[in-house]
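Remarks on the structure that follows.
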């Protein structure tokens with residue numbers, strides 16, 4: 001159903017009959033109008049209530065001061081909100097519990113670490129810096145790209161993924177929040193490549209896709225890895241081969257396709273960011289799945305950058 005709104009060329013001023021109104025009533029009405037106008041001019045303070053997107057009747061009051069961005073309420077408990085806080089050229093991930101007011105950095109909660117023997121080849125330091133620039137990452141310490149995993153595990157824990165600077169690289173991290181009112185968080189740093197960005201869980205939480213050194217990789221059974229807590233089993237496979245890199249993967253609502261952003265190096269759209277889509281329902285070992293460009297140029301022939309795809313949530 002389409003909705004339209006039309007306005008007349010001239011809006012008639014409503015006629016009001018003030019006969020019979022007492023002088024005191026008119027004075028009170030006038031004073032209220034003046035006071036309302038004055039209040040609307042007052043600047044907002046730091047204690048204003050912030051409505052969190054993606055939640056129903058959930059508000060976060062008095063979040064810590066600072067440059068805060070990318071709020072992400074937990075799908076299982078909207079009172080728990082992950083967000084990014086910037087301090088100079090450093091970016092930190094925090095968890096905030098609305099009900100208790102507890103606020104903690106996520107990486108400070110690291111409990112254990114497992115060494116991952118990855119088949120992904122390493123690159124030079126100069127290439128790492130180039131990859132960080134291509135992915136739009138800052139040069140300073142970085143924690144970000146936080147995403148929640150849909151659903152809970154067998155223990156009722158809520159899992160999440162993010163990336164963070166570690167030993168001069170940007171590495172993937174998985175973690176979870178235990179049940180209860182406390183914010184006890186366990187984080188597992190994983191060593192894949194040099195620059196990992198844009199993790200994204202499938203809608204059912206069974207798979208995880210992310211960009212490693214500019215190419216998309218997928219772990220098709222992240223659910224099993226999480227259940228067994230054995231991250232050495234993770235052997236993500238590459239699913240793109242664009243020379244210019246592939247970033248910002250986005251799952252379709254049914255989990256059958258992934259859209260992503262890449263920049264062709266030849267053809268009419270060479271140098272312009274474009275959107276591609278691939279089918280991931282039947283991946284074949286040793287072969288890259290076919291991708292198709294879906295971004296459309298302007299009708300007049302103009303070329304534009306097409307960035308960060310997002311699917312309609314309706315299946």
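Bear in mind these aren't lab numbers, they're just calculated from the coordinates by the rules spelled out. Values in this document were obtained by computation on a predicted structure and should not be read as measured data. Quick reminder, even Gly has a Cβ in these numbers, built from the backbone with ideal geometry, and neighbours come from all protein chains shown.
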Along Cα→Cβ, 7 Å out, is where each label goes; now give me the distance between the ones at residue 237 and residue 303 in nm to one decimal. 3.4 nm
The extension gain from residue 257 to residue 270, computed as 0.36 nm times the residue separation minus the Cα-Cα distance, is 2.2 nm
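Please list 164-170, 99-105, 193-199 highest first by mean number of surrounding beta-carbon atoms within 10 Å per residue.
Taking the mean over residues of other Cβ atoms within 10 Å, the ranking is 193-199, 164-170, 99-105.
Can you work out D for segment 140-297 in µm² s⁻¹ from Stokes-Einstein, where Rh is the Kirkwood radius over C-alpha pairs, the temperature is 10 °C and the viscosity is 1.306 mPa s?
Stokes-Einstein gives a translational diffusion coefficient of 96 µm²/s.
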Give me Rg/Rg_expected for segment 149-235, where Rg uses Cα atoms only and Rg_expected = 2.2 N^0.38 Å with N residues. 1.06
Would you please give the FRET efficiency between residue 288 and residue 103, computed as 1/(1 + (r/R0)^6) with r the Cβ-Cβ distance and R0 = 25 Å, to the nearest 0.05? 0.05
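If R₀ is 22 angstrom, what is the calculated FRET efficiency for the pair residue 186 and residue 67, using the beta carbon separation as r and rounding to 0.05?
Using R0 = 22 Å, I get an efficiency of 0.20.
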Full extension from residue 230 to residue 281: what is 0.36 nm times the residue separation minus their Cα-Cα distance, to one decimal in nm? 15.9 nm
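If R₀ is 22 angstrom, what is the calculated FRET efficiency for the pair residue 204 and residue 310, using the beta carbon separation as r and rounding to 0.05?
Efficiency at R0 = 22 Å is approximately 0.75.
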Rg followed by Dmax, in Å, when segment 240-315 is reduced to its Cα trace: 13.1, 42
Under the rule rounded for a/c under 1.5, else prolate if a/b exceeds b/c, else oblate, using alpha carbon gyration tensor axes a ≥ b ≥ c, segment 229-269 is classed as oblate
